[in-house]
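Inspection log for the structure reproduced underneath, given as structure tokens.
The values are calculated or read from the model by the stated rules, or taken from the named source; none is laboratory data. Remember, it's a predicted structure, so these values are computed and weren't measured experimentally. Don't worry about glycine lacking a Cβ; one is built from the backbone with ideal geometry, like all the others, and counts go over all protein chains shown.
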Amino acid sequence: MGSIRLESVSSGDIAACVGCGLCLPHCPTFRASGEEALSPRGRIAIMKEVNEGSLLLDREAVEFLDTCIQCRACEPACPSAVPYGRMIEGAKSDLARARKVTPRLMRWGLGALRRRFLLRASRPLLVIGQRLHLVPRRLALPRLAWRNEPRLRNIAVDPDVWIFTGCVMDVWQRETHRSVADLAARAGLSYGVPDRFGACCGALHAHAGLRETSIRWAERTMRSMPGDAPIVVDSAGCGAAMKDYGTSIDTPQARIFSNRVIDAVEWLAGLLENPDVARSLAPRSADRPTVVIQDPCHHRHVQMVHGATRRVLAGRATLVELADDGLCCGAGGAFSLAHPDLADSVRARKVDMIKSSTTNDGQIVVASANPGCSMFLAAAGLMVRHPVDIVRDSLGDPP
Amino acid sequence: MTDEVIEALRSAIGSDLVRSSDAELRLFAHDASNLVGEAGVVCYPRDVDDVRRVIAVCRRFGIAFVARGAGTGLAGGATPIGGAVVICTTKMNRILDVDPLARLAWVEPGVLNLDLTRHAAKFGLHFAPDPSSQQSCSIGGNVANNSGGPHCLAEGVTSAHVLACDVVLSDGSVVRLGGEEPEPPGFDLRGAFVGSEGMFGITTAICVRLTPDPRDVRTMLLDFETVRAGTDTVSSIIAAGMVPAALEMMDRLCLQAVEAFVHAGFPTDAAAALLVEVSGAASAVAADAEAIERIGRQHGARSVRVARDDNERSLLWKGRKSAFGAIARIKPNYYLHDTVVPRRHLSDVLDHVYRIAAEEDLAVLNVFHAGDGNLHPLLVFDRREPGILERVHRAGTAIVAVSVEYGGVLSGEHGIGLEKRDLMPLMFSEDDLRAQSWLREAFDPLGLANPFKVLPSPSGCGDAHAHVEGLWV
């Protein structure tokens, strides 16, 4: 079993790491554990030794690679620009192909994300299950309301913008899609939503090492939103993956598609630069909730659009920054399901950081632009909202 | 490592804190240097009692132990030799107590340097030693190496900021060296311990001095068409009676590498740039800044840029402090020296450094604490090139020899470790080395604490010398 090499990790990428250790404090699993093997430098060294044949890919070595949350906070921290995200994703796909990571149940669960019917059907079951205390805590689900918001429907065949509705988001946080649609309407834009083939961007599959599946789904997603209108994505993880199609799928069409993808907060910040739109989206209420900003990793470290979160919330909330350089919350897509103990200790640090960040005694609102992070933090008892929802709230009732 | 030892360690501190998987042993076989040793087993103590228990097992079986923090050391100080027990302090990372009135803090050794500064920020205080690796390196490691940093020019190195250390010695006793009071009675054993590179024992709690944040700061970037113009400016600034908070120099290759990372607008066409920071009362800061600009211009500075705000200042510093890590943008490996030369000889020694590198057809990058005369010539290379290691080795030795010839020393702040151990006779006579060895024996008569480091050992440990991969000098 030990003779496996990580063929998808290039020796050139490995050689780009000089081992300085400047990534260590930015790594959530290193922070939670203090262990070299759970740091980017340690994981790269493991990849290197495995590929040079000086280390067998045994159970422990697999575990150290598998416990990476793939937040990619180490990338902007790296002075030598080591492409860590690409390396760990490659390593995980090699491990998944060898059936060393991502067990069958997880694969089945990820497969269900494309089945809107299954996801929708699961919601009432979960709501009832939660009331009866039958839902396992490790699923880390926040308490769901009885009724979901109505689905978004196409209002134009050739819309001004596409609103990507996705899989998990559309079932559990449809409210955010409605906020995006409402803001688009107030800005005088028509919108469309993808058909059922564009149901999932494939990001979670790529993280789990299921590269072939993720590419297949990405291609469907691209076909579901034709034309050249911008594609607004209100999930930081999906947006990061879709902006990366140009590299991961590497076709001319994929590159054109990727260039159309824009994060919802980034899009909104752009709209607000237009004085007319800024006027129609000016806050109506004098209330300024205290909002602690928790940047999703794929917002801050991958898309690097976290500045937009501050711009759209300015004047609508009293903003509180966390002094932890955007450390991950531990959700990591499906990571918190696969490694609940590690995810819990990463989250515990984050919750402490959030609670000690403000002396405000009232309800703290946490702003997070990614569904996985929101659910994971909400399950720890925090009130988490998407920045576009906070903007939407500042406007009062629709005109 | 025998199963018996591993079993004993497991029952001493718990099996989840004792690691012997192949993967972890390989990771702990080296620090951030090129020197690869052999780890027997890795222990993650949680507190002083765990450290005592691990050391008790080492004593029982007569096995050496090596303390390791974040593993950012550059001289092989934390590289285990011959299957030693690695005692990794990264889980001992609590800030135990901060006393803003007395301006001191008690910390565990695994606390990261910058974390302490951030924690103390709410009191308007900081921990002054700021090595380039300050965001990652641990305070235990700072104590072991008596680490420096850009701001140590005015504030002094780690030893000036450590008041006391609780230390577990190899005989199992726990002693407090130094104390919270400024001048404890008796010999300054704390002073002996700071910089002892893990060879006296393992510190489990450190009392550090916290320094008030400066009232006013000005950070300036001056760039020059020749390296000599830069170093002459350094000498003139010091000769004018000023001690800036920091006085750093970067040459062209360094500027190019870090600019590609931070995009701070470093002048990539300059031969060299000086990063100068002055701090203190506003009026003094203004006067010093003006004088430094004048001196720079006299030596032909092309431009003098003053950081407008904290963001620009921290971006400039981020560039300076990322230099080693940015090397892979040029070549995947580097070999770094840390010699200190008298400031008046900086220009001449640097000329030699460039000449030596050119003779061996190697790229060299210079980034250093100019105000201290502490050079960091980095020879950058790709170890996969045939024959390159010999050339790098020759160049490195020649650079050290030139530095010592000009009245310099082997290491400013990175420590001697394994890397410079065998160069010690360049500086010290046999009597000197024997005296150092006696001091070491007074703390660790059993010779279990990080053996084979710093002091070249004439006999008894020949095997250890032979087995270190990557040990060139």
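Quick notes on this structure:
- Residue tally, condition within 24 Å of B:Ser147 (Cβ to Cβ) and of a type in the set (A, V, I, L, M, F, W, C), over region B:56-70: 5
- Residue match in region B:186-205 (condition: free of Cβ contacts under 8 Å to residues at least 40 places away in the same chain and over 30 Å from B:Val243 (Cα atoms)): yes
- Matching residues in region B:87-118 - criterion: being out of contact with any Asp or Glu (no Cβ under 9 Å at 6 or more places or on another chain), within 11 Å of chain A (Cβ to nearest Cβ) and closer than 12 Å to B:Asp47 by Cα: B:Gly110
- Residue match in region A:265-273 (condition: surrounded by fewer than 22 Cβ atoms within 10 Å (Cβ to Cβ) and either touching a residue at least 60 places away in the same chain (Cβ under 8 Å) or within 29 Å of A:Gly90 (Cα to Cα) (or both)): yes
- In region B:256-276, the residues that are within 12 Å of another protein chain (Cβ to nearest Cβ) reach residues that are among the β-branched types (Val, Ile, Thr) and assigned to a loop (DSSP other than H, G, I, E, B) with C-beta atoms within less than 7 angstrom, at least six apart or across chains, in these pairs: B:Ala257/B:Ile330; B:Glu259/B:Thr268.
- B:Glu419 vs. criteria outside any helix (DSSP H, G or I) and either touching a Phe, Trp or Tyr at 6+ places or on another chain (Cβ under 8 Å) or not assigned by TED's automatic domain parsing to the domain that holds B:Asp372 (or both): yes
- Wholly enclosed helices (runs of 4 or more DSSP H) of region A:1-106 bearing at least 2 residues within 12 Å of chain B (Cβ to nearest Cβ): A:11-15, A:28-33, A:40-52, A:59-66, A:74-77
- Qualifying residue in region B:329-352 (condition: over 30 Å from B:Val404 (Cβ atoms) and within 14 Å of chain A (Cβ to nearest Cβ)): yes
- Residue within region B:54-66 that is closer than 21 Å to A:Gly19 by Cα and buried (at least 24 other Cβ atoms within 10 Å of the Cβ) present: yes
- Strands (runs of 3 or more DSSP E) within region A:317-399 that include 3 or more residues touching a Lys or Arg at 6+ places or on another chain (Cβ under 8 Å), surrounded by 18 or more Cβ atoms within 10 Å (Cβ to Cβ) and aliphatic (A, V, I, L, M): A:365-367
- So B:Ala144, is it at pLDDT below 95, away from every other protein chain (no Cβ under 14 Å) and not in a loop (DSSP other than H, G, I, E, B): no
Listed here are the residues, each with its yes/no results for (1) part of a loop (DSSP other than H, G, I, E, B); (2) crowded, with 22+ Cβ neighbours inside 10 Å.
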{"site": "B:Pro109", "(1), (2)": "yes, yes"}
{"site": "B:Arg118", "(1), (2)": "no, no"}
{"site": "B:Gly140", "(1), (2)": "no, yes"}
{"site": "B:Gly149", "(1), (2)": "yes, yes"}
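- Elements of type strands (runs of 3 or more DSSP E) contained in region B:161-260, each with 3 or more residues being on the phi < 0 side of the Ramachandran plot, at pLDDT 95 or above and assigned by TED's automatic domain parsing to the domain that holds B:Leu316: B:216-224, B:246-251
- Number of the exception - A:Ser258 against (1) assigned to a helix (DSSP H, G or I); (2) of a type in the set (Gly, Ala, Ser); (3) loosely packed, with under 15 Cβ neighbours inside 10 Å: (3)
- Hits in region B:133-185 - residues which are hydroxyl-bearing (Ser, Thr, Tyr), touching a residue at least 60 places away in the same chain (Cβ under 8 Å) and more than 21 Å from B:Phe65 (Cβ to Cβ): B:Ser133, B:Ser136, B:Ser147
- Among all residues of region B:60-68, there is at least one that is within 11 Å of chain A (Cβ to nearest Cβ), at pLDDT 95 or above and within 20 Å of A:Leu24 (Cβ to Cβ).
- Filtering A:Ala203, A:Ala218, A:Ala181 for residues that are farther than 19 Å from A:Ser374 by Cβ and not assigned by TED's automatic domain parsing to the domain that holds A:Phe335 leaves a single hit, A:Ala218.
- Residues of region A:349-370 classified as under 19 Å from the mean Cα position of the chain (by Cα) and free of Cβ contacts under 8 Å to residues at least 40 places away in the same chain, total: 1
- Flag set for B:Gly71, criterion: buried (at least 24 other Cβ atoms within 10 Å of the Cβ) and closer than 27 Å to B:Ile95 by Cα.
Per-residue answers, yes or no, for (1) under 17 Å from B:Ala271 (Cα atoms); (2) outside the structural domain of B:Pro150 (by TED's automatic domain parsing); (3) surrounded by fewer than 17 Cβ atoms within 10 Å (Cβ to Cβ):
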| residue | (1), (2), (3) |
| --- | --- |
| B:Asp309 | no, yes, yes |
| B:Glu312 | no, yes, yes |
| B:Trp317 | no, yes, no |
| B:Pro342 | no, yes, yes |
| B:Val364 | yes, yes, no |
| B:Gly371 | no, yes, no |
| B:Leu379 | no, yes, no |
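- Test: residue in region A:154-169 that is surrounded by 21 or more Cβ atoms within 10 Å (Cβ to Cβ), part of a helix (DSSP H, G or I) and modelled with pLDDT under 95: yes
- Cross-chain or 6+ apart pairs with Cβ under 7 Å, region A:371-399 first and under 19 Å from A:Phe335 (Cα atoms), then part of a loop (DSSP other than H, G, I, E, B) and among the charged types (D, E, K, R): none
- Pick from region B:449-473, criterion touching a strand residue (DSSP E or B) at 6+ places or on another chain (Cβ under 6 Å) and part of a loop (DSSP other than H, G, I, E, B), ranking: modelled with the lowest pLDDT: B:Gly470
- Lone qualifier among B:Ala39, B:Ala84 - being surrounded by 24 or more Cβ atoms within 10 Å (Cβ to Cβ), within 13 Å of chain A (Cβ to nearest Cβ), in contact with a strand residue (DSSP E or B) (Cβ under 8 Å, 6 or more places away or on another chain) and within 25 Å of A:Ile44 (Cβ to Cβ): B:Ala39
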